[in-house]
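Note sheet for the following structure.
Computed from the coordinates by the stated procedures, all read-outs in this text should not be read as laboratory data. Keep in mind that this is a model prediction, so the values were computed, not measured. Reconstructed Cβ throughout: ideal geometry from the backbone, glycine too, with neighbour counts over all protein chains shown.
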Amino acid sequence: MKVDTHSFQLKTKGHTDIIDITPQVSQALESSNLKNGNLTCFIGGSTAGITTIEYEGGLKRDLPELWEKLVPSNRTYHHDATWGDANGYAHLRSSLVGTSFTVPFVGGRMMLGTWQQIVLLDFDNRSRSREVIVQIMGE
Ligand code: ZN
């Protein structure tokens, strides 16, 4: 078994920006030359998340609308009173989504569904530079 760690950078707009990172993750897998195993995508940040969705126009609107209902951005949270950065909702959303996603790969291909993309969600209340780690374990 081999462990191969890659990373890539991207800029986000914040405000529940949804970015399809499937191409970058596929690229990392390809350059690892590993054929069978698991890979984990991870973001080191407490106001972002990684999950999957069908990356299409309707859901790109539905998902932010769902988050507004679940964890509204227009109210004050205890975090905001403590730090004054007004992004308590972003931290809470990140906790709910989680900051990593693991997928098995077989024959050099991730076992994603046809309409399933890996997405980075940036909930912060400003644009950010983010680094995504892709750690690939396999043979
Ligand atoms: Zn904060």
Subject >> residue 127-residue 38 FRET efficiency (beta carbon distance; Förster radius 25 Å; 0.05 resolution) >> reply: 0.20
Original post:
What are the ³J(HN,Hα) values, in whole Hz, obtained from phi via the Karplus relation 6.51 cos²θ - 1.76 cosθ + 1.60 with θ = phi - 60°, for each residue of region 129-136 in sequence order, with x given for Gly and Pro?
Top reply: 9, 10, 10, 9, 9, 10, 10, 10
Original post:
Label-point separation (nm) for residue 65 and residue 10, each offset 7 Å from Cα along Cα-to-Cβ?
Top reply: 2.3 nm
**OP:** May I have the pair-distance distribution P(r) for region 14-68, computed from all Cα-Cα distances with 10 Å bins from 0 and rounded to whole percent?
**Re:** 17, 45, 28, 9, 0
Original post:
Dipole of region 2-138, Cα-centred, from +1 at each Lys and Arg C-beta and -1 at each Asp and Glu C-beta, to the nearest 20 debye?
Top reply: 140 debye
Subject >> Extension gain, residue 76 back to residue 137 (0.36 nm per residue minus Cα-Cα distance, nm) >> reply: 17.8 nm
**OP:** For the chain, divide the Cα radius of gyration by the Kirkwood radius and give the resulting Rg/Rh value with two decimals.
**Re:** 1.02
Original post:
Rounded to a whole number of µm²/s, how large is the Stokes-Einstein D of region 55-97 at 25 °C and 0.890 mPa s, given Rh as the Kirkwood radius over C-alpha pairs?
Top reply: 219 µm²/s
